[in-house]
1. By per-residue mean of other Cβ atoms within 10 Å, what is the highest-first order of 145-156, 79-90?
2. Give the long-range amide H neighbours of residue 146: residues separated by 5 or more places, or on another chain, with amide H under 5 Å away, using H modelled in the peptide plane at 1.01 Å from N.
3. Check residue 196: other-chain or 5+ apart residues with amide H under 5 Å from its amide H, H built from backbone geometry?
4. From the Cα trace of the range 31-83, what convex hull volume per residue do you get, rounded to a whole Å³?
5. Name the residue farthest towards the positive end of the dipole of the range 40-140 from the options 55, 133, 116, assuming +1 on Cβ of Lys and Arg, -1 on Cβ of Asp and Glu, about the Cα centre.
6. Please list 3J(HN,Hα) in residue order for the range 93-99, calculated via the Karplus relation 6.51 cos²θ - 1.76 cosθ + 1.60 where θ = phi - 60°; whole Hz, with x for glycine and proline.
7. Quote the FRET efficiency, to the nearest 0.05, computed for residue 244 versus residue 153 with a Förster distance R0 of 41 Å and r equal to the Cβ-Cβ distance.
8. Can you list the HN-Hα couplings for the range 247-256, worked out from phi with the Karplus curve (6.51, -1.76, 1.60; θ = phi - 60°), rounded to whole Hz and with x for Gly and Pro?
Amino acid sequence: MTTEDAATLEHPSHVRVLGSRVHLASLPQTLDLIDGWIEPGDRLCRRVTVTGFHGLWEAHKDAELRGILNSAELWVPDGIAPVWVARLKGHGHVARVSGAEIMEGFFERADTSGYSSYFYGDREETLAALRRTLESKHPGHRIAGTCSPPFRVLTPEEDEAIVAQINAAKPDVLWVGLGMPKQDRWIYERRDRLKVPVAIGVGAAFAFVAGTVRRCPEWMGRWGVEWVYRFLREPKKLWRRDLIDGPRFLFELGKELLRGRDGE
């Protein structure tokens, strides 16, 4: 790798969308960055945000959250909205990178490297299915531990115990599946206490990788209509996001593009 290649990898280009900075990193670049953060063994917690329209809209409404997401070492475009914006601004070779794709790519590399993961979030049933899937498909990858937290606010003592449990397991990557924006706030608020090289919020990806929830057909993700598939499966959960927040997001994004304000 040349010095120029290394610099590009460490500082990937980005695009501004409603004040948020989304990196234009491909899946291989994302995995290479994760490799690079693991290898020093310094246990400094690097954060990866994985979100598209939903995260962009929540960040637009909440300046504090926007600061949290923008301060992550990497923001991966899991959604077609930042991809379209990037292409409109002249970045031709940009593609969405989903949390499930990052997980599966990492597990493939971990098969030979022996990297380990800790999984925090989702239900016990999902974590058990995820364990079975990984032990079958990726025997070289090590599962350092799992934890399904209760669906309530934890006491300070419970929270400290969970952080201590994660640190004691010494995973190379901490995967957090609490949903956006809860997972990103959770990582950010514990970043100085978490002794893990990389922490990544991946939303519902645990269930996708475990096979307990079906993913949309590949062509739907490629054309940016995965939201239709998910909406039809979970209308009660997603109607407000897709039918109210979606049009509002597009309106604000259209105004920004017409003004030509990119802030890059």
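FYI, it's all coordinate maths here, none of it is from the lab. Here the structure is a predicted model, which means the values were calculated and not measured. Ideal geometry is used to build each Cβ from the backbone, glycine not excepted, and the neighbour counts take in all protein chains shown.
1. Values: 145-156: 11.5, 79-90: 18.7.
Averaged packing, sorted descending, gives the order 79-90, 145-156.
2. Here 119 satisfy the definition.
3. Excluding prolines and chain starts, which carry no amide H, the hits are 45.
4. Working: hull volume 3.6 nm³, N = 53.
Roughly 68 Å³ of hull volume per residue.
5. Final value for the positive-end residue is 55.
6. 10, 10, 9, 5, 10, 8, x
7. Working: r = 27 Å, r/R0 = 0.66.
Between residue 244 and residue 153 the formula returns 0.90.
8. Running phi through 6.51 cos²θ - 1.76 cosθ + 1.60 with θ = phi - 60° gives x, 5, 4, 4, 5, 5, 5, x, 4, 5 Hz.
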